[in-house]
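All remarks here apply to the structure that follows.
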Amino acid sequence: MSDLFAALALAIVIEGLLYAAFPDQMKRMITQVLDIPSGHLRWYALAIAAVGLVFLAFVRL
């Protein structure tokens, strides 16, 4: 369980650093995401999550 919280904390740190380093680009990206249909966004998110799980499986071996 502590690994899960460590991973979530790391994700928050990375996201915060991205917003700090590239605020204008992140704002632009958010507006672009709003234009993507919900169905497509759902599939993109699931694909990224699957890639993340595969990467995690390789790291944990």
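Results, tabulated for the structure shown:
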| read-out | value |
| --- | --- |
| Selected residue (criterion: modelled with the lowest pLDDT) from residues of segment 22-58 that are within 20 Å of residue 4 (Cα to Cα) and not small (Gly, Ala, Ser) | 56 |
| Within segment 34-52, considering residues that are of a type in the set (A, V, I, L, M) and over 13 Å from the mean Cα position of the chain (by Cα), the one surrounded by the fewest Cβ atoms within 10 Å (Cβ to Cβ) | 34 |
| Residue 56 vs. criteria in a helix (DSSP H, G or I) and touching a helix residue (DSSP H, G or I) at 6+ places or on another chain (Cβ under 9 Å) | yes |
| Any chance residue 9 is under 15 Å from the mean Cα position of the chain (by Cα) and either assigned to a helix (DSSP H, G or I) or at pLDDT 95 or above (or both) | yes |
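The values are calculated or read from the model by the stated rules, or taken from the named source; none is laboratory data. Everything numeric in this text was worked out from a predicted model, so none of it was measured. Every residue, glycine among them, receives a Cβ derived from its backbone with ideal geometry; neighbour counts consider all protein chains shown.
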